[in-house]
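I have placed the structure first, in the form of structure tokens, so that the comments after it can refer back to it.
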Amino acid sequence: MLSAREANRRYFRQSYRTGEHGWAEEEPSRYALGFLKRLRNLVGCGRLLDVGCGEGRHAFAAAELGFNVTAIDYEPLALKRARQAAEVRYAKGIAFRKADVFRLPFADASFDVVLDYGCLHHQRKADWPAYRASILRVLKPQGYYVLSVFSPKFRLFRRSRRAWHIAYGAYRRCFTRREILELFGDDLETVKVIEEPGKGGGFWHSLMKRRAEAA
Ligand SMILES: C[S@@+](CC[C@H](N)C(=O)[O-])C[C@H]1O[C@@H](n2cnc3c(N)ncnc32)[C@H](O)[C@@H]1O
């Protein structure tokens, strides 16, 4: 039997193969884009890591704003599409790499910003501490973290008593605001959090900043 992680991976492989997935291919989320614009003023054109970048829509948006972008995903077909799109858009300089978010192949404290749009909410709760440790390891002191995850208002969870959902092998988990705080609050302070309203909404979009180390 497939492990939960393998089942997830198979789902992503299949959804990039068929082109049938439920998230936008090209347009970045306007919430993530708003945070990136704000960050451009705060950190200048720093180094940004997009984890679970998929076909690259947020990596492109960040690069177009002037960030020095590295983007990882564990699904080769998504990366292939992202690299092809980079050629069409003349978006040079984005480093697309195959990697697992739990084993990031980068030096400690090497990014000013880490962005995750829709990767964490596919990880099991038991894996959240390992995910957090992996992100925090590569984030610079005073660095920023941009996170978008399902809230309980996302359509799959609206009428459900469970916080998780499995379909076609893919695991999805919605977060309460408190869970986000509990997971990251010791290390990151919340700069801004928005719950996306409306029928197509049901996401938390959070901008967090790494807390200064205690002296
Ligand atoms: C919902 S998609 C979002 C893609 C992209 N961030 C976007 O906004 O279009 C989630 C992505 O996370 C990737 N992913 C999931 N688990 C991962 C892991 N453990 N390591 C690397 N990538 C992962 C999937 O392959 C998929 O491309």
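What follows draws every value from the coordinates through simple rules; no lab data is involved. None of the values given here were measured: they were computed from a predicted structure. We place every Cβ from the backbone using ideal geometry, glycine too, and count neighbours over all the protein chains shown.
Give the calculated FRET efficiency between Gln14 and Glu213 to the nearest 0.05, with a Förster radius of 41 Å applied to their Cβ-Cβ distance.
Here the calculated transfer efficiency is 0.45.
Compute the distance from the alpha-carbon center of the stretch 39-98 to that of the stretch 1-31, in whole Å.
First find each Cα centre; the distance between them is then 17 Å.
Counting just the Cα atoms, what span does the stretch 1-133 cover along each of its three principal axes? Round to the nearest Å and put the largest first.
48, 34, 26
Per DSSP helix of 4 or more residues, -39500 (n - 2.57); summed, then divided by the residues of the chain. What does that give at 222 nm, rounded to the nearest 500?
Taken over the chain, the calculation gives -10000 deg cm²/dmol.
Which of Lys37/Lys92; Lys98/Lys199; Lys37/Lys209; Lys37/Lys192 have a Cα-Cα distance over 22 Å?
The answer is Lys98/Lys199.
Could you check the spin-label model distance between Arg103 and Ala7? Points 7 Å from the Cα along Cα→Cβ, value in nm.
2.3
Tabulate in residue order the Karplus-calculated ³J(HN,Hα) for the stretch 158-171, using 6.51 cos²θ - 1.76 cosθ + 1.60 with θ = phi - 60°, rounded to whole Hz; enter x for Gly and Pro.
Taking θ as phi minus 60°, the curve returns 4, 10, 9, 8, 9, 8, 10, 8, 10, 9, 6, x, 8, 8 Hz for the stretch 158-171.
Tell me which of Ile94, Gly56, Val43 sits at the most positive position along the dipole axis of the stretch 24-112, charges placed on C-beta atoms (Lys, Arg +1; Asp, Glu -1).
Val43
Using +1 on the beta carbon of Lys and Arg, -1 on that of Asp and Glu, and nothing else charged, what's the dipole of the chain about the Cα centre, debye to 20?
540
Quick check on packing: order 80-88, 32-40 by the mean number of other C-beta atoms within 10 Å, highest mean leading.
Most protected by this proxy first, the peptides run 32-40, 80-88.
Go through Ser148, Gly185, Tyr171 and say which Cα lies farthest out towards the positive end of the charge dipole of the stretch 134-188; charges sit on Cβ, +1 for Lys and Arg, -1 for Asp and Glu.
Highest projection toward the positive end goes to Tyr171.
Convert each backbone phi in the stretch 117-133 into a coupling constant with the Karplus relation 6.51 cos²θ - 1.76 cosθ + 1.60 (shift: θ = phi - 60°), then list the ³J(HN,Hα) values in order as whole Hz, x for Gly and Pro.
3J(HN,Hα) across the stretch 117-133, in whole Hz: 10, x, 9, 4, 6, 9, 9, 5, 4, 4, 8, 4, x, 5, 4, 4, 4.
Amide H of Cys53: which non-local residues (sequence gap of 5 or more, or other chain) have their own amide H closer than 5 Å, using H built in the peptide plane?
When sequence neighbours closer than 5 places are left aside, the close amide H contacts are Ile72, Asp73.
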